[in-house]
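Participant: First, the structure itself, so that you have it in front of you.
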Amino acid sequence: MAQLQIYDPFADAGFDEVFRGFFQPVRPERNAPVPVKIDVTENEKGYTVRAEIPGVKKDEIHVAIEGNQVTISAEVKRETERKEGERVLRSERYHGSVYRAFTLPADLDEEHSEAKYENGVLELTLAKKPAVAGRKLTIQ
């Protein structure tokens, strides 16, 4: 006759594999692009966009407007000086390109829009294009 055996699911190696790393904090991939974080507000004249782009010179930020689409891109450069006998123990700062594109509900007027960059925050003041009145056609 067969011998009965008590099954302990926690003793099984397969159970451990299911939960391996389950309670460990999620870490982003090393040198993965960091998305540009933005806040967008609207008033009757247009939109205000505030984008966090720390550690970037204003000459390295590019903003493009096409219709109602806005594109922000920048190159984050990390300047490092290693001294003789010095070694890196941990490096978490990102360097590379950052990019963000988004669409707004109304077309934008590129001529009357402005951008300024101060203390790591890019502020865009985007003017709405005035609505074009429809033209009535006469039937001949």
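The values are calculated or read from the model by the stated rules, or taken from the named source; none is laboratory data. If you're wondering where the values come from, they're calculated on a predicted model, not measured in any experiment. Heads up, the Cβs are rebuilt from the backbone with ideal geometry, glycines too, and the neighbour counts pull from every protein chain shown.
Participant: Can you name every residue in region 84-110 that is modelled with pLDDT of 90 or more, of a type in the set (D, E, K, R) and closer than 21 Å to Val36 by Cα?
Facilitator: Arg100
Participant: Let me ask something else about it. Can you name the number of the only condition in (1) on the phi > 0 side of the Ramachandran plot; (2) at pLDDT below 90; (3) among the polar types (S, T, N, Q) that Gln140 fails?
Facilitator: Every listed condition holds for Gln140 apart from (1).
Participant: Exactly one of (1) in contact with a strand residue (DSSP E or B) (Cβ under 7 Å, 6 or more places away or on another chain); (2) at pLDDT below 80 is unmet by Arg135. Its number?
Facilitator: If we test Arg135 against (1) in contact with a strand residue (DSSP E or B) (Cβ under 7 Å, 6 or more places away or on another chain); (2) at pLDDT below 80, just (1) comes out false.
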